[in-house]
Structures are given as structure tokens and as C-alpha cells.
1. Report, by residue number, each residue of segment A:163-179 that is at pLDDT 95 or above and either small (G, A, S) or within 17 Å of the chain's Cα centre (by Cα) (or both).
2. Can you tell me which residue within segment A:158-176, out of those that are in contact with a helix residue (DSSP H, G or I) (Cβ under 6 Å, 6 or more places away or on another chain) and either surrounded by 24 or more Cβ atoms within 10 Å (Cβ to Cβ) or over 23 Å from A:R101 (Cα atoms) (or both), is nearest to the other protein chains (Cβ to nearest Cβ)?
3. Among the numbered conditions (1) part of a loop (DSSP other than H, G, I, E, B); (2) under 14 Å from the mean Cα position of the chain (by Cα), tell me where F:P29 comes up short.
4. Checking the conditions here, which among D:V195, D:V233 is closer than 26 Å to D:R25 by Cα, touching an Asp or Glu at 6+ places or on another chain (Cβ under 9 Å) and facing chain C (nearest Cβ under 10 Å)?
5. Filter segment A:68-100 for residues that are touching a strand residue (DSSP E or B) at 6+ places or on another chain (Cβ under 6 Å), surrounded by fewer than 22 Cβ atoms within 10 Å (Cβ to Cβ) and more than 16 Å from A:L124 (Cα to Cα) and give the result.
6. Here's a check for you: in segment D:63-84, which residue that is within 9 Å of another protein chain (Cβ to nearest Cβ) and either basic (K, R) or in contact with a Lys or Arg (Cβ under 7 Å, 6 or more places away or on another chain) (or both) is farthest from D:L103 (Cα to Cα)?
7. Name every residue in segment D:32-49 that is assigned to a strand (DSSP E or B), farther than 17 Å from D:H143 by Cα and at the interface with another protein chain (Cβ under 10 Å from one of its Cβ atoms), in order of residue number.
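The values are calculated or read from the model by the stated rules, or taken from the named source; none is laboratory data. Remember, it's a predicted structure, so these values are computed and weren't measured experimentally. In this analysis, Cβ positions are derived from the backbone assuming ideal geometry, glycine residues included, and neighbour counts consider all displayed protein chains.
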Number of protein chains: 6
Amino acid sequence: MTAPSKLPVREGRSALDPRPLSVKRGVNPHAPGSAHLIMGHTEILATVTLEDKPAPHMRGKKEGWLTAEYAMLPRATNDRQARERNLQNGRRHEIQRLLGRALRASVDLKHFRNQTIYVDCDVLVADGGTRVASILAGHAALHDFCDRLIHSGRLSEWPLTHKVGAISVGLVGEEIRVDLDYAEDKVARADLNVVATDTGLIIEVQGGAEEGPIAQEDYVQLLTTGVQAVRGVMAQLGRELAVIQGV
Amino acid sequence: MTAPSKLPVREGRSALDPRPLSVKRGVNPHAPGSAHLIMGHTEILATVTLEDKPAPHMRGKKEGWLTAEYAMLPRATNDRQARERNLQNGRRHEIQRLLGRALRASVDLKHFRNQTIYVDCDVLVADGGTRVASILAGHAALHDFCDRLIHSGRLSEWPLTHKVGAISVGLVGEEIRVDLDYAEDKVARADLNVVATDTGLIIEVQGGAEEGPIAQEDYVQLLTTGVQAVRGVMAQLGRELAVIQGV
Amino acid sequence: MTAPSKLPVREGRSALDPRPLSVKRGVNPHAPGSAHLIMGHTEILATVTLEDKPAPHMRGKKEGWLTAEYAMLPRATNDRQARERNLQNGRRHEIQRLLGRALRASVDLKHFRNQTIYVDCDVLVADGGTRVASILAGHAALHDFCDRLIHSGRLSEWPLTHKVGAISVGLVGEEIRVDLDYAEDKVARADLNVVATDTGLIIEVQGGAEEGPIAQEDYVQLLTTGVQAVRGVMAQLGRELAVIQGV
Amino acid sequence: MTAPSKLPVREGRSALDPRPLSVKRGVNPHAPGSAHLIMGHTEILATVTLEDKPAPHMRGKKEGWLTAEYAMLPRATNDRQARERNLQNGRRHEIQRLLGRALRASVDLKHFRNQTIYVDCDVLVADGGTRVASILAGHAALHDFCDRLIHSGRLSEWPLTHKVGAISVGLVGEEIRVDLDYAEDKVARADLNVVATDTGLIIEVQGGAEEGPIAQEDYVQLLTTGVQAVRGVMAQLGRELAVIQGV
Amino acid sequence: MTAPSKLPVREGRSALDPRPLSVKRGVNPHAPGSAHLIMGHTEILATVTLEDKPAPHMRGKKEGWLTAEYAMLPRATNDRQARERNLQNGRRHEIQRLLGRALRASVDLKHFRNQTIYVDCDVLVADGGTRVASILAGHAALHDFCDRLIHSGRLSEWPLTHKVGAISVGLVGEEIRVDLDYAEDKVARADLNVVATDTGLIIEVQGGAEEGPIAQEDYVQLLTTGVQAVRGVMAQLGRELAVIQGV
Amino acid sequence: MTAPSKLPVREGRSALDPRPLSVKRGVNPHAPGSAHLIMGHTEILATVTLEDKPAPHMRGKKEGWLTAEYAMLPRATNDRQARERNLQNGRRHEIQRLLGRALRASVDLKHFRNQTIYVDCDVLVADGGTRVASILAGHAALHDFCDRLIHSGRLSEWPLTHKVGAISVGLVGEEIRVDLDYAEDKVARADLNVVATDTGLIIEVQGGAEEGPIAQEDYVQLLTTGVQAVRGVMAQLGRELAVIQGV
């Protein structure tokens, strides 16, 4: 945890630029919603499933539920990880709970009474920022899903109440940087995952100091930068999702 | 998730007061550090164990590791929960990862090379705020542990670099309230768990909107209130811990 | 397993005295029955839960069921034990089956048709005799539970048919000793756990020779001593339970 | 649990007779010791394995360890039981711990330093008394194992210090009966499993009242009858084992 | 995987002879069908259970289902294998899926609508060929089961549509051998498990090259030899099963 | 299982044509070998990992080991399957054992002494033939891996001794068809998975009759057709792999 003598240099992007982002909708012919998202080297496959069965704690309620799952393929990372360990590890649980809260915040679940929406985010390749990339991929897959519901006439009202995205923002050396890759993430002194809407409202913030406590002012500045970055990313994602593919 | 017609009324404390807090050190005769902490009805038993074995990912490193575990007794909650489910559930993983990061931030692990510190936080009774109460109990148990290391001469330098505590802060109706109990937590529109030092530096913040996204200004105000509340709680805890019990 | 040169010396009690025993009822605000019992250094938290659901094998029967669970906190013992191992180990299963049979023998389950009573006995600190202390704590929690049922009018007839308690009794060197602590238990040549009523009737006896077979006469003498000791312990417990706390 | 109007009638044997017993040694060509034992309809296959690896808690000790496992084939019982449930259930753990203690009491483990003896008792058919039949089968397999060790010259001293057997004894109506089958076991008011030597010394007694507490005198009479019955069974088993098969 | 200098020599049988085969029906008094089969040293206990509950994927269908389970006792093999590992290992899953398909092919499942037939094949001793011996034992147990259904009048039509058996056939050196034992299996260059009917129709073939790819002609010759061998084995088994035991 | 009135009609390909096949190498920047293969709608991601640790049963041997894993993403299929069930199910074990044998047959493991090669085949989309597509993807990833070993100088000799591929071949109605999709697979009367080399030598054949036993002649004709089809597929795959991507 001692400071590295040299900080990773960004090539082809400034400190406040996210990595190149691309998304493809409708990539899974079985799922009613899906997206394949690439953000730098990080690569996520997200699918939406709608089950006609309420989650146990939502039986008899006026709303449905959305649950998210997050997992890595064994060789998504630099070292191979055994599948069983992948499924059991605590980091995975922490992340998928964040995904669930983030994506639930975007959907009006009254449209899905007695149903459960599953959003599966599988990391094909990991290079930092997999949790924020998963939120973005999950949002894209939900968008794809809702488009199909509307186009097929099964729903008459657009069920997404917010466009929810996320970005990581960190303190690398003395510099605030947006969308850290793995090399940057490892040396960041502080690291926030900011989940927010395209209009700059906050859903959740997770994270903090990595090496030593930080001042409240620094935390607020990271937060402000992150919220702004989410707005930029969501504008780009919105343009790509507007092109309806594979419906 | 619709707003309740009536918000819970606080009795005997103002919106910015935490619940009555008491702590007892040295409660476990086997453990080299332990604490029993009561905060309102929430009740935590924390013990410290020192193993002379490095964590797998710290082999050959110059520092040791601290790992935290969090679990609930089956009847800590209003309904009984099966033990196996308690151990496997994702919420537990999310919380114990937070505890681990919070408590690691307080210890200089260079003093524990090739060793692993376990902090077990077991919830005997839950009434909201169990994760922040666990951080406080864990801190108290670590304090007890370090006192014994110094008193016995096994360590000559005080190994805690920061006094780390935590508090929950939420938006109940239009009011910011500190240290929510279960009834308040259920109706809060936003809810942050602020982990900070007694001097007001931030370690981590977890949480956010519960019902709909919130404005950045509101988030920052919750944060500021939370940091201030941690300072108050740590001052009280410090006075109780200064009285050396059971060493 | 060779005989130690020195046997542990009892301080402040004779060979036939149990350790100091104290019990507190109503310690868990969520549970309809609970008790915190301390016996020497051994410390047990017992809670009662009543579920309106029959046990699978009691569906359609005229009686309910009582099931007991026993577990240790990771640092209840001198060395820390991993939670998963705690839950899976065979010793735990053996003990909780004994608890279940002992406590079921005290309740008239016709009052609980189509219901299941859970008695959770969690060992906070272990210093020998945890299984007998758990039976005593479970009995106290059941007593607390029944008092509340009667006081609240939900039951008009006292449902406990027997006052069931337990004690360990062992052969330490040539001496019969009652209520062994861990140091005594380790060197005992024979060790019985006697489950009996306050009137000296036998529910179950578990245990036997630890080092070499013992004569039938010795076994019967241990048994007789144990039954007598249970009567003494139950007289004391009865006095403490008569004081109604927290109802 | 109410008394049945009619008690099962014994055919072809008196109340104090065990069921017909037969044993065959050396039935498994891979194992260094094995036995197939039939007692009434109950049928057990026991095998002995010797591993050149100490049990974890016996590393560096002057003695080896013996561990026993007990399991049922899925259709050993009247209803089929799933294999996974068979392995996890608490009754199995309780029984195999009893087997382990019983069989360990018969072996001088100083001959097996840094080694572990496994005795696997698998129930092919169950009709009551499987735990006592497993102890008898385990004893026979150990006897077979020791014979081979002596015959092959790998051991010069007979390592069994005691001939350990077991029997069940119960109170059926007002009658004490030995070696209950399943139908008798179900209606017994009390039921002891007595583990003893061929000379009438006691290793362990497990069990007690099934319907209501019993008087101490009744318990002692059951015990005495059981010890006597073990002596009878061991005499018969000894004659069968004296005929060396398959060595 | 290099060729051994010496190939195992067959004693008392030619290359195309299977090992001595014997079968005993009705060996389990609880099961409605059972068989104990010995083939060389390999020994299998098969039981049939009929549950009045459809398999999940057969609910509402016009047919029932047959599921097979295969497991080894811990010491069926030369080295002892832990029970948990036995249950989880992939080889077991592969084999029991083969058994299920083989035995399902022999039964007209329209007679068992809304029911599930379990065939449990437990290996008591393994010396090569356990999967084919299990198919033969399973067939025998099913035959026993059907005999009882017909004799008791619960079924009026014989529900087995085919007599299904199996044999292994391998290339040992340059020689085609039938029914390999473990020593032969280890050195075989190719090894097929042929599942076929007594009239020479094929159900399934599993297996292939063990050391290097083999020519199509060699494969076909192994297959032809195997089919012929199954016919021989089924003729013998048929004669043994014609003698009705224990019904 | 009754014959469907209408058989699926093939569009754009004859009965003996496999589906369109495309493969992309070097798709995972972390893995030393990887391939993304699409065959009709079936889509597989294969990665190769080399661990410098022998498999437990290959310690001290002159060769290394290759182990394959096969898994489906939850929504690879038409209905979503829970991750835990995906990992535990028997079909998965059966398939990954086949993959392992198939891919091991292609590698000279003497080049990987004291090492273990993992080939992970993850099904992104399933539409029939996932096991043969996984063998093809695994072969492509191994080819990619070996190219890099040679190019980087870490190996001087090409370690693949055979080009191993696979295809499914089935009897749909009266017609032999190659490379069945899911709709065809469901109605096939017989179905073989043929694993063979590009030169027409057989590694393994798995499968057989689905509805009723089939004649030996039919089996041999399916086999011959399958072997021929593998040769065709391997010729095409060879052309695609000759173009070195991403090395």
C-alpha cells in the first residue's frame, strides 16, 4: 500500500475522460433484453429475464422486484479463478447488491406486479471498473427489454423512470481521474463508484479512502466530478441506445 | 415503498442525537481483545483473534492483514432466520467487507507481519444500525486488544493510527436524523453509513437514495451531518475505553 | 491420553458443587422467550421462537414439535473456529439432538399443534459443560416463553410437564466431581451428561468411559450422583426463574 | 407418541434374546479388514482402511487415531432417502461419533502412530439397531484387520485391548426387551444403546426415555440387562470370528 | 500412457468371454425390486423405488420418469475415497446419466404416469466394468420389480419393452477383449461401453481411444464384438432371472 | 417422446451441411490462448490457462495434464437457469469430461510436465450442439495458445499431435442430418457426438438411440457420416486458424 514511484500514464485520454465505450443491443436471441458493452478492455454481457413469479418477499405486494447477478468468467482476470470460488466470494455479493439497488432505482416496478426481473451481468474480460460497466450494461439491457415490451404492445407505458448510470472516480497521486482501469485502480488513494442519473441526481455512492482517510472537501470534489462524468457517459450511451438494434 | 402516513417519533432524543451507547471491554476470557456494545436495542459482541499465519494474498509481504466477519444470531431479528441462510446471504458479505475496510484503516499492519487479525462481530440483537454498531464494537475490541499488547510488552508502539467509527444518517420525511433505529430505517428516503475518524476525516461512505434519486446538495448535507455525528460518538466511546477493564 | 501427573484443583467449591450459576430472563426484545445463563465461565444465550408451521414430519399430527439448535461463536473457545466448520461439525449435531430430546421431554406439545418451537442455544463463551448449560438455558428460555403465553392469555394451561435440567459428572482421578470445567473435562477418566427432572427422574444419559472401560458399579454411582446434582441445580434455577423479569 | 393398543409380538425369540446374528469376514478384496454382518433383517457392511497420515489433531502425538463413518444406502429404509440428505443429517453424525468412541476404546492406538484407521459402516438394510449392529460389524472388521496384520508379520502384538460390542435394550410396554427391531423401537417407552466389553465393563451408554421420564431403578435395570446381553452377543461373535476366513 | 511391457494374462477365460456372472433377486426386504450382482470381483447392489410423484420436468405429461443413481462405497476401490468426494465427482455424474438413459430405454413409462422410478446402483466392490455391471444389476432389479407388479395384480401388462444389457469391450495390445477387469482397463488402447438389447439392437455406445486415435474399422469391429457379447450376457442373465426368487 | 407430426425444415443448408461457422482468436487479452466461436446461433467463448502446478494425480509424472470446464451463462438457454444449479448439474459434468478427453487427445502433454492446462468453454448462447462447438472452440483456443508459445520462443516444437474436432449427427425422421440445432435435436430418433481428427481417425463417440434401439447398420452409417463431417469442419476451421490474429 506504499505509494508507487511512478503513476500509470493515460494514453489518448485526459484525466476526466472515460475510456472508449461501445454497446450492442439484442445480442442474445433467447433473452427479451440484452446488451454487450465494452469499456476500455472491460467487457460485460448483460441479459434480462422476466419470470412470472414474485420474489418471496414481494408476494401479495403491488409491485414486482428486480434482482441482479454479477459473476466473472474464470479467465476474465489476469489469473484464472475457480468457478466455485467465483460464485461464493464476498466481493461478488457486494457488487451484485449494488447493481440491484442501482437498476431497481430506474424501473417503475408497479408494471411488473407478481413478476421478477433478473439482470445477469457476466464479466467476459475485466480491466477495472467492472461494477460500473455492469450498471451501464444492465441499463442498456433493460432499455432493450423495455423497447421490446413497448414495440410488442405488451406494455403501453415506458417503465423506466430514470436513466441510471455509474462511473468510478479516483485520486491517483494528486490528480482526480475518471473511469480508472485496473492499473490506476491499484494505486488510487481514494476511489468512489458513483451511481447517478443522466440529470445528475444521486442514487448511491460506494467507496472511499484506500490508503489513509481523506478530507471531507476531497470526498465532495470526487463526488461532484463523478456525478458530472455519469452525465457525460449517459449522454453517449443514450445516443447508442436510440438506434434500435435487433428488435 | 410508498411513504407511510406517519413517521416514527423519536422519544428522548433529538434528530441529531445518537441512541444511548454503552460498551464493556474484556468480556471474553479466551480472546486477546473483546467488547460488548449496546446502542439503543442493537447489541454486538466483538472479539479479536490473532493468528500467526498470513492471509493467502499477504504471504511474503511486509504487512499483515485484518479480516472482519459479521453474522447474526438466528433470533437477532424480529423473525427467526435459519443459520445456513444467515451465513450465505449477500447482505452479510456486503457488510463484512465494509467492516474489514473500516477497521483495516485504523491499524498499522506493519506490526502484524505474517499474522492475521480476525475481528468477529456477532449481532445478539438487531434494531437498525448493526453495521455501524459493529464498526464501533470492532474498534472497541481492537482498542482492548492493543492495550493488552502494550501492557504485556509484546508491542512497544501503539498500533492504531486512527480512531475509526461510524454512524448512520438518513432523511426521514424532510428531516435529517442521526443513528436510525429499525423503524426509522424502514421509512428513510435516503440512508448513508458514514465511516470516519474522530477528527472528521472520511474512510468510506456507503448508501444513498432508497425511494428516488436525491440531489447532490442533499447528499452532501447528509454526509456532513454524519461526519459530525461520528466525531461525537467517538468522543463518548473514547471516554469509556479510557477506563481499562479486565486487562 | 496418559494420566496427567497433576489433577486440576477446585477452588472455592467442593467436588459435588456445581459452578456458580446465574440466569437472566427476557434478554432479547424480539423473542417471545429468552435467557442468558452463566455457569462458571461458560455463557449461553438461549432464545425461543414459535413458528406457525408444523415440522415436515408432524404435518397432520395432533401435536407440534420442538427443535433445538446449538452453535458456538467463532471465539467461544480458546482457539478461533471458522463459522462454516462450526456449523458442519459432527459434535454440534450430536449435541443439538440431545438438546432437542431433553427439551421436548419437558413440553406438552399438544398445546402447539401445527406449530414448531425453535430453541436456539448459542455459546458465547465455552469453558466445559456447554451442552448441560445449554439445556439449562433452554429450559429457562422455555419457562420465560410459557410465562408470557400465560400472562398474555394466549394459553390457559401451563404447558411444561416437567422441569428438565442437566449436569455433567465425571471421574477425575479417583474422585467423582460434578459440573466439570474444561480443564477437568480433559483429564476425566469417565464423563456422563445426565439429563433429569427436578424430581430425580431420568430423561437421558449420554457418555461413558474416556480412557478405559469402567465397572458397572462406577457407572451407576456416577449416574446417582448426577441425578442428585440435577435436583440441586434445578432447585436453584427454579428460585431464579420464579422472579419474573421483563415480561 | 400415545401408547399403541397392541405391542409387537416376538416370534421365535424371548424378550432377552437378540435376533439371529451372522458375520462373514474378508468380504472386500481391497480392504485390509472387512465384515458383512446380518442381525435379523439389519445388514451392515464394514471395511477398515489404514492411511499412513495422522489425523490433523494427532500430528506429532505418540498415538494414531481411529475414525468411524456411518451411512445408509438410499433404500436401506422403508422409504427412499436422498443421498445428499443421508450424508448431512444430524442423526448420522450422532451415530458415527458413537461408533468412533466405541471402536477407539478397543484398540491400542500406540501401534498406529502417525496413521489413521477408518472404519466405514454402511447400512445395506435397516430394521432397527443399526448403530449397535455397526459397532459389532466394525469390531469384526477390526478383528479381521488385526488378524491380517499379525499373520503378515507387520505387527507382532495383538493391538485390540478389549472386545467391544453393543446391544439395544428397551422398555416395551412393561417388558424389558433386548435387541429391538424397528417395530419394537417405535413403541419403546425407553431405549438404551449399551456399549460394553465381553467381560461386562461399560464403554458408553446412550439413550433414555422416549415418552416420559423414567425412574432411576428402571434405568439401572435396563443397563444391567444390556451389559449382560452384550456379553452373550460377544461370546457368539467371538466363536464366529475365531474361524479365520479369507486371510 | 506408454505401452506396458507386459499385458495382463487372462486366466480361465478367453478374450471374448465375460467374467463369471451371478445375480440374486429380492435381496432388499423394503424395496419393491432389488438385485445383488457379482461379475468377477465387481459387486453391485441395485434397488428400485417407485415414488408417487412426477419428476419436475414430467408434470402433466402422459408418461412417468426413471432416474438412476450410481455411487461407490468409500472402500469399493483399492484406495479409500471420501464420501463427499464420491458424491460430487464428475465421473459419477457421467455414469449415472448413462445408466438412466440405458434403463429408461427398457421401460414403457406410460405405465408410470405421474410417478418416478429410482434405480439406485451402489458399488460394493469395484474391479473394472462397474458401469456395465450396474446396467445389468439395474435391469435385474427392474425385472424383479416388474414381476412383483404383475404378481400382485397392480399391473396387468409387462412394462419392459426391451431387455437391455451392457458390456465393455477393449483393445488390449492387438487383441479385442470383452469385459475388461481393472488391470486390463488400465492398459487398453481403446475401450467401449456398449449398451444393447438381447436381440442386438444398439441403445448407446460410450467411449473410444485411450492412447491415440483409432481407425474407423477398428471402432466398428469393437462395436460388433460388443453387441455380440451383450447378447450372450443377456441370455445368461435371462436364465437366472427366470427363476423367481423372494417374490 | 412420440414422433412429431412435422419435422423441422432446414433452411439454406442440406442435410449433410453443418451450420455457418466462424471463429475469432485472441479475444481475451489476459489469456495466453482464446477463441470466440459461433456455429449457427450457438456461441462459445474458450480460454486457455497454463498453471505451473501439476494436477494432483500427475505429481511426479513425466507429463502434464489438461482439464476442461464447460458451463452455461444463466440465460444461454431459452429459460434462465440459476448459476448454482448450472454448476452442479450432471449434464455439465458429463460434457466437460468429454471435452477433457477430446482435447487431451490432441496435445503432447510431455511438453507441459508439472503444469496444468485449463480450457474453459463458456456457452454464451445455446442452440444445440454446444458440446461439439465447445470442442471446436477449445481446439481453436489451444491452437492460438500454441502459436503464441512458438512465436514467443517458449516452445520450439509444435505440441499439438492431432487436429481434433467434433460434430453431432442424428436421425431426424428417416434422414441422417449433420450438426443438429436445438429444434432438430429434440426430435432426433438417434444422436451421436463424433469426436475425430481431421484425417478421419476416431477419438470418441458418445450417444445413441433416443426413442427406441437402433440397428447396428444404422449406427455405423451415422458414425461414418459423422467422421466425414468432422473432416469437412476441420478443413474450414484450419483455414480460419491459419490467419494469425492478435498474437
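1. If the condition is that a residue be at pLDDT 95 or above and either small (G, A, S) or within 17 Å of the chain's Cα centre (by Cα) (or both), then A:K163, A:V164, A:G165, A:A166, A:I167, A:S168, A:V169, A:G170, A:V178, A:D179 are the ones that fit.
2. So in segment A:158-176, the residues in contact with a helix residue (DSSP H, G or I) (Cβ under 6 Å, 6 or more places away or on another chain) come out as A:159-160, A:163-169, A:172, A:176.
Filter once more, so that each one left must be either surrounded by 24 or more Cβ atoms within 10 Å (Cβ to Cβ) or over 23 Å from A:R101 (Cα atoms) (or both): A:164-169, A:172, A:176.
Details: A:V164: 8, A:G165: 12, A:A166: 11, A:I167: 14, A:S168: 14, A:V169: 13, A:V172: 18, A:I176: 15 Å.
Only one residue tops the list, namely A:V164.
3. (2) is the only condition that F:P29 fails.
4. On the way: D:V233 fails: facing chain C (nearest Cβ under 10 Å).
Among D:V195, D:V233, only D:V195 is closer than 26 Å to D:R25 by Cα, touching an Asp or Glu at 6+ places or on another chain (Cβ under 9 Å) and facing chain C (nearest Cβ under 10 Å).
5. Of everything in segment A:68-100, just one residue is touching a strand residue (DSSP E or B) at 6+ places or on another chain (Cβ under 6 Å), surrounded by fewer than 22 Cβ atoms within 10 Å (Cβ to Cβ) and more than 16 Å from A:L124 (Cα to Cα), namely A:G100.
6. Only one residue tops the list, namely D:R80.
7. Listed by number, the list holds a single entry, D:E43.
Let's see how each residue does on (1) acidic (D, E); (2) over 21 Å from F:H41 (Cβ atoms); (3) touching an Asp or Glu at 6+ places or on another chain (Cβ under 8 Å):
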| position | (1), (2), (3) |
| --- | --- |
| A:E11 | yes, yes, no |
| A:P18 | no, yes, yes |
| A:P29 | no, no, yes |
| A:H36 | no, no, yes |
| A:A46 | no, no, yes |
